[in-house]
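Novice: Here it is, the structure in full.
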Amino acid sequence: MAEGLRDILEAAARGVFPPADGGTTVVPQHGPRDAGVIAFTAHSVVFTDEDPRWVRETLGGLGCDPLAATMNTRFLTAFTKRTGRTSDTIDVLLTGAPLPGRPEIALTEVADPGHPRVVAARRRRDEVRVWAADGGVLVLGRGVAGRLEAAVEVAQGVRHRGLGRRLVTAARRLAGGEAVWAQVSAGNARSLRAFQAAGYRPVGAEALFLRP
């Protein structure tokens, strides 16, 4: 199995996953910003600069189903206390292969670095680019382990017309030949449907822990 987080993610984008053996792999953080947990099918990856022995001892002391231990609220709470980091939600992690050609939707790149959507995206991503469409916004940037991450916003008045699907499809055409990743709250069924309709595959669950 690959040893680094970036290698694990690149393999997952190709459909090659860690062994479904009920185990947990602990790897160092790719950078200082992002620590967290990715739960694939029957195998989890914890990326942190904390002592791997602490991770395994904490998981072993939960007394719960080992397959669900890394996403157990007691472990996630212990992680926040141990690291002093914060966490928001457990997201569904999806990935889509790049597509050839140009986006089939009219997009205008936002060049203003002070644009609110640009400022917000830079809190969690590097090399952020933002495009505006009629009624929507597409964001691409480098997130966890340098992967290319997409996020979209669709205005209330133009929802249920397929704009979200067209925007996330455009992300695959703007990807420059690499896989695109997305994190979607598990309860956001509308967004999940849009990504899946655009050809993205759910590959696991992810909990991120960010520095204050």
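Novice: Could you tell me which numbered condition R56 fails, if it satisfies all but one of (1) of a type in the set (K, R); (2) exposed (fewer than 13 other Cβ atoms within 10 Å of the Cβ); (3) over 30 Å from W131 (Cα atoms)?
Specialist: (2)
Novice: So, one more: Test of understanding: among Q196, Q156, which residue is among the polar types (S, T, N, Q), in contact (Cβ under 8 Å) with a residue 40 or more places away in the chain, open to solvent by 50 Å² or more (accessible area, probe 1.4 Å) and more than 30 Å from T77 (Cα to Cα)?
Specialist: On the way: Q156 fails: in contact (Cβ under 8 Å) with a residue 40 or more places away in the chain.
That would be Q196, the only listed residue that is among the polar types (S, T, N, Q), in contact (Cβ under 8 Å) with a residue 40 or more places away in the chain, open to solvent by 50 Å² or more (accessible area, probe 1.4 Å) and more than 30 Å from T77 (Cα to Cα).
Novice: Looking at the stretch 1-17, which of the residues that are assigned to a helix (DSSP H, G or I) and more than 17 Å from T70 (Cβ to Cβ) is least open to solvent (accessible area, probe 1.4 Å)?
Specialist: Result: A11.
Novice: Quick check on the stretch 95-123: of everything there that is out of contact with any strand residue (DSSP E or B) (no Cβ under 6 Å at 6 or more places or on another chain) and basic (K, R), which residue is least open to solvent (accessible area, probe 1.4 Å)? Show your work before the answer.
Specialist: In the first step, residues of the stretch 95-123 are kept if they are out of contact with any strand residue (DSSP E or B) (no Cβ under 6 Å at 6 or more places or on another chain); the result is 97-104, 106, 111-116, 119-120, 123.
Okay, now just the ones that are also basic (K, R), so 102, 123.
Details: R102: 198, R123: 167 Å².
Looking at the filtered set, the residue picked out is R123.
Novice: Test each condition in (1) open to solvent by 20 Å² or more (accessible area, probe 1.4 Å); (2) in a strand (DSSP E or B) for G177 and report the one that comes out false.
Specialist: Here G177 clears every test but (2).
Novice: With A35, A20 as the choices, which residue is part of a strand (DSSP E or B) and hydrophobic (A, V, I, L, M, F, W, C)?
Specialist: A35
Novice: If I filter the stretch 124-147 down to residues being in contact with a helix residue (DSSP H, G or I) (Cβ under 7 Å, 6 or more places away or on another chain), farther than 16 Å from R172 by Cα and touching a residue at least 40 places away in the same chain (Cβ under 8 Å), which single residue comes out as surrounded by the most Cβ atoms within 10 Å (Cβ to Cβ)?
Specialist: So the residue we want is A145.
Novice: When the stretch 23-32 is examined, which residues are found to be out of contact with any Lys or Arg (no Cβ under 8 Å at 6 or more places or on another chain), part of a loop (DSSP other than H, G, I, E, B) and farther than 15 Å from A207 by Cα?
Specialist: P28, G31, listed by residue number.
Novice: Among the residues of the stretch 164-174, which ones are in contact with a Gly (Cβ under 9 Å, 6 or more places away or on another chain) and either open to solvent by less than 10 Å² (accessible area, probe 1.4 Å) or aromatic (F, W, Y) (or both)?
Specialist: Initial filter on the stretch 164-174 (in contact with a Gly (Cβ under 9 Å, 6 or more places away or on another chain)): 164, 166-169, 171-173.
Across the stretch 164-174, the qualifying residues are L167, V168, A171.
Novice: With the checklist (1) of a type in the set (K, R); (2) out of contact with any helix residue (DSSP H, G or I) (no Cβ under 9 Å at 6 or more places or on another chain); (3) modelled with pLDDT of 95 or more in hand, flag the one item R117 doesn't pass.
Specialist: Condition (3) is where R117 drops out.
The values are calculated or read from the model by the stated rules, or taken from the named source; none is laboratory data. Fair warning: this is a prediction, and the values are worked out from it, not measured in the lab. Neighbour counts run over all protein chains shown; Cβ positions are idealised from the backbone, glycine included. SASA here: full protein model, heavy atoms, side chains in, ligands and nucleic acids out. Shrake-Rupley method; radii C 1.70, N 1.55, O 1.52, S 1.80 Å.
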